[in-house]
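So the structure is just underneath, and the comments pick up after that.
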Amino acid sequence: MKAITIFFLCCFIIMLPSKTHAQRKVPILIYHSIDEFKGSGSKELYVTPQNFEKQMIYLRDHGFTLLTFDRWKDIENVKKPIFITFDDGYKNNLHAFKILQNLTNEHFKPTGTIFVITDFIGRSNRLSEAEIKMMADSGIMSIQSHTATHPDLTKINGFEEELKGSKDKIQKITREPVIALSYPYGNTNDKVIAETKKYYSFGLTTTPELYSKKGYKDELYLLPRLYVKYSTSLDEFAKVVEGRVRE
């Protein structure tokens, strides 16, 4: 009788659903400017092209798969999923695009997501419509929304132009779906989430942790991201993406 009980207990354990995928931690990285720091703005919001290239080579050489949000479900199926995101739509993000383009080969197909502020498109230090279209057409960069004017969404009343207007403008340029919103300053609340859900499938914060599926309400509208900074060494970068540091 004891042997039979042990046998059925073993069978039960084997048949339990695996928690591996549900608990896997996925890095969503946030960058701003990919350029040499020339003394204007916050230095820590810059990453030099050389350092960015080293970081992407690390991801390539250590088996990461770079995803965009239209491939969200692939986090369950690919080896070491990771998301590379850029906020604000700076013209110097072209450096990142060229680096990813140059690293692309038969076995490594890197992609990233640029969240643009649509009213800033075409300014001297921001991406133009032609550049946005070129990157979207390449399949390397997905262009998503960072609102129309970059307000703190928790402090405004009218959302349609910021959320729907920016989405429509990007889709008109790229002819590709816009499904993700990066909240300005990372700020959100229940009202903002409710408005975001009308137009988007994902909302991104700046909460500094790795993403893992927890099953709580609206978790896809509270996606965390980890900053990569000017001062981030390659060793620190490796620890972040491999989940070897305390979040």
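Numbers below:
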quantity	calculated
Environment charge at residue 234 (Cβ cut-off 14 Å; Lys +1, Arg +1, Asp -1, Glu -1)	0
Alpha carbon convex hull of segment 29-71, volume per residue in cubic angstrom	77
For residue 222, distant residues with modelled amide H under 5 Å away	203
Environment charge of residue 105, counting only residues whose C-beta is closer than 14 Å and scoring Lys/Arg +1, Asp/Glu -1	0
Residues whose placed amide H lies under 5 Å from that of residue 211, excluding near-sequence neighbours	26, 28
Cleavage-rule hits, chymotrypsin sites (Phe, Trp or Tyr not before Pro), segment 162-231, DSSP coil, Cβ neighbours within 10 Å at most 13	216
Relative contact order, percent, segment 65-204 [alpha-carbon distance under 8 Å, six or more residues apart]	21
Mean projection area, nm², convex hull over Cα of segment 168-239	6.6
FRET efficiency, residue 156 to residue 231 (Cβ-Cβ, R0 35 Å, nearest 0.05)	0.60
Solvent-free Debye scattering, log10 I(q)/I(0), computed from the Cα coordinates of segment 93-247 at q = 0.11 Å⁻¹	-0.49
Listed pairs 80/197; 91/198; 91/229; 80/109; 73/213 exceeding 21 Å between Cα atoms	80/197; 91/198
Part-to-part distance (alpha-carbon centres) for segment 163-214 and segment 39-107, which is given in Å	19
Around residue 63: net Lys/Arg minus Asp/Glu count, Cβ-Cβ under 9 Å	+2
Space enclosed by the convex hull of the alpha-carbon atoms of segment 46-129, per residue, Å³	103
Length released on extending from residue 107 to residue 123, taking residue separation times 0.36 nm less the Cα-Cα span	2.1 nm
Residues of type aspartates and glutamates that residue 164 reaches as a straight line, Cα spacing below 20 Å, ignoring anything fewer than 8 places off in the same chain	70, 87, 88, 119, 129, 152, 176, 190, 195, 218
Amide H contacts under 5 Å for residue 150, placed H, 5+ residues apart	none
Per-residue Cβ neighbour rank within 10 angstrom, fewest leading, 225, 71, 126, 175	175, 71, 126, 225
DSSP beta bridge pairing in the chain, given as percent antiparallel to the nearest 5	5
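Readers should treat all values here as calculations from the given coordinates under stated rules, not as data from a laboratory. Here the structure is a predicted model, which means the values were calculated and not measured. Every residue, glycine as well, gets a Cβ built from its backbone with ideal geometry; the counts of neighbours run over all protein chains shown.
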